[in-house]
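Peer 1: Sending over a structure as structure tokens; questions will come in a sec.
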Amino acid sequence: SETNCMTTSAFDCYAQIKEAYTLNLKNGFLQEDASEYHPGLAQVIVINEPDLKLPGIAEPRSWVKGIISAVDGMLDAEKDMGVHGKLINFTVTFSFGIRSVCAAG
């Protein structure tokens, strides 16, 4: 996408993720009273395979900035929506693919 945080904000994903996650909270992640998570949710993937989507180990500061700023955006979305009670876990899932940088040793 032309509006992804890699190309528009130097890997600062806070604004895009906060906006998207706020919509997720409003559109089904929360109970009808909009204060607690739906009981069917236990965890949410913050970013899937960041090692393939972000610059990877060749640019560790940018890579970590993307992940941490995304989590920060999600936490602030929860705070702004007044979410309380049992919170869900956030996770980042990594690829099992072998990267050429790692394979070269």
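Please treat every number below as a calculation from the coordinates, not as lab data. Owing to the predicted nature of the structure, the values given are computational and were not obtained by experimental measurement. Positions of Cβ are backbone-derived with ideal geometry, glycine not excepted, and every protein chain shown enters the neighbour counts.
Peer 1: Whole-Hz Karplus ³J(HN,Hα) for region 40-55, in order, using 6.51 cos²θ - 1.76 cosθ + 1.60 and θ = phi - 60°, x for Gly and Pro?
Peer 2: Computed from phi, the couplings for region 40-55 are x, 9, 10, 8, 10, 7, 5, 8, 8, 6, x, 5, 9, 9, 9, x Hz.
Peer 1: Once every DSSP H run of n ≥ 4 in the chain is given -39500 (n - 2.57) and the sum is divided by its residues, what mean residue ellipticity at 222 nm do you get, rounded to the nearest 500 deg cm²/dmol?
Peer 2: -12000 deg cm²/dmol
Peer 1: In degrees between 0 and 90, to the nearest 10, how far off the longest principal axis of the chain does helix 60-81 point, with axes built from Cα atoms?
Peer 2: Once rounded, the angle reads 0 degrees.
Peer 1: Check I47: other-chain or 5+ apart residues with amide H under 5 Å from its amide H, H built from backbone geometry?
Peer 2: T93
Peer 1: Could you derive backbone 3J(HN,Hα) for region 26-33 from the dihedral phi with the Karplus parameters 6.51, -1.76 and 1.60 (θ = phi - 60°), listing whole Hz in sequence and x where the residue is Gly or Pro?
Peer 2: Each residue's phi maps through the Karplus curve to give 6, 10, x, 6, 9, 4, 4, 7 Hz.
Peer 1: Using a 10 Å cut-off on Cβ atoms, rank the peptides 23-29, 40-46 from the highest mean neighbour count down. If you can, show how the numbers build up before the last one.
Peer 2: Details: 23-29: 13.9, 40-46: 12.0.
By packing density, highest mean first, the sequence is 23-29, 40-46.
Peer 1: For N4 and E36, what does the FRET efficiency come to when R0 = 35 Å and r is the distance between their Cβ atoms, rounded to the nearest 0.05?
Peer 2: 0.70
Peer 1: Round to the nearest 10 and give me the degree value, 0 to 90, for the angle of helix 14-24's Cα axis relative to the longest principal axis of the chain.
Peer 2: 40
Peer 1: Return the long-range amide H neighbours of L30 (sequence gap of 5 or more, or a different chain), with a cut-off of under 5 Å between placed amide H atoms.
Peer 2: H38
Peer 1: Once you compute Rg and the Kirkwood Rh from C-alpha atoms, what is the Rg to Rh ratio for region 5-103?
Peer 2: Result: Rg/Rh = 1.04.
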